[in-house]
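Structure first, then comments.
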Amino acid sequence: MYIQVKRVAKKMKQEGFKLDLSGTGYCASLNFRRTARAVTQLYDAALQESGIRSTQFAILVGIAKNQPVSIGALAEILIIDATTLTRSLQLLKKEGLVKITDRERMRQRFLALTPKGEKTLGHSLPVWRKMHERFVATVGRDYWIDLRNELERLAHVAVELEKPPKDRPTHAPAHA
């Protein structure tokens, strides 16, 4: 695979690849996703013995801390698209870890852990704590606390930037 990539890259250089890719290595999305994948793989490997992945762990913790919680509120807490969250919740429901109520007032559905979900989360917490302590010890406790606070701030910045500007006109101005 590596040799094929080198051949393609060499051929592209010879053919005069014209895109200007300067600066793309500094892309926030690229760097956050790359780091997130590496950290996710680390925690997934640690959580493997508990039978859940780090993404499922995060959802279970979010539910446990806020139950009963609506799907919309959990999506906001985890900063995840509601459709993506719903797909993940269906898998957790199928595994018997989460119960999802029927639509209630204001057409919301609420989430809670099942006894099996509580047991699974309880089994995964010591494994998670062990990996988390190892990770924090490696990067340094003070550094981690500062970085975690900065990541939280950056998440809020990204959420705000995703919203349309308040002073943007709702319609295009007429041409004179």
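Taken together, the values in this text are just the output of simple stated rules run on the coordinates, not laboratory data. Just so it is clear, the structure is predicted and the values come from calculations on it, not from any experiment.
Roughly speaking, what is the stretch gain from residue 102 to residue 84, that is 0.36 nm per residue apart minus the C-alpha to C-alpha distance, in nm to one decimal?
Details: separation 18, 0.36 × 18 = 6.48 nm, distance 1.88 nm.
Here the answer is 4.6 nm.
Cα gyration tensor of the range 52-160, axes a ≥ b ≥ c as square roots of the eigenvalues: rounded (a/c below 1.5), prolate (a/b > b/c) or oblate? Spell out each step's value before the answer.
Working: a/c = 2.74, a/b = 1.39, b/c = 1.97.
Verdict is oblate for the range 52-160.
Return the subset of 65/130; 94/163; 93/163; 65/119; 65/93 for which the Cα-Cα distance in this structure is over 26 Å, preserving the input order.
Numbers: 65/130 20 Å; 94/163 34 Å; 93/163 32 Å; 65/119 15 Å; 65/93 18 Å.
Pairs exceeding 26 Å: 94/163; 93/163.
Please list, ordered by chain and number, the residues whose modelled amide H lies under 5 Å from the amide H of residue 110; skip anything fewer than 5 residues away on the same chain.
101
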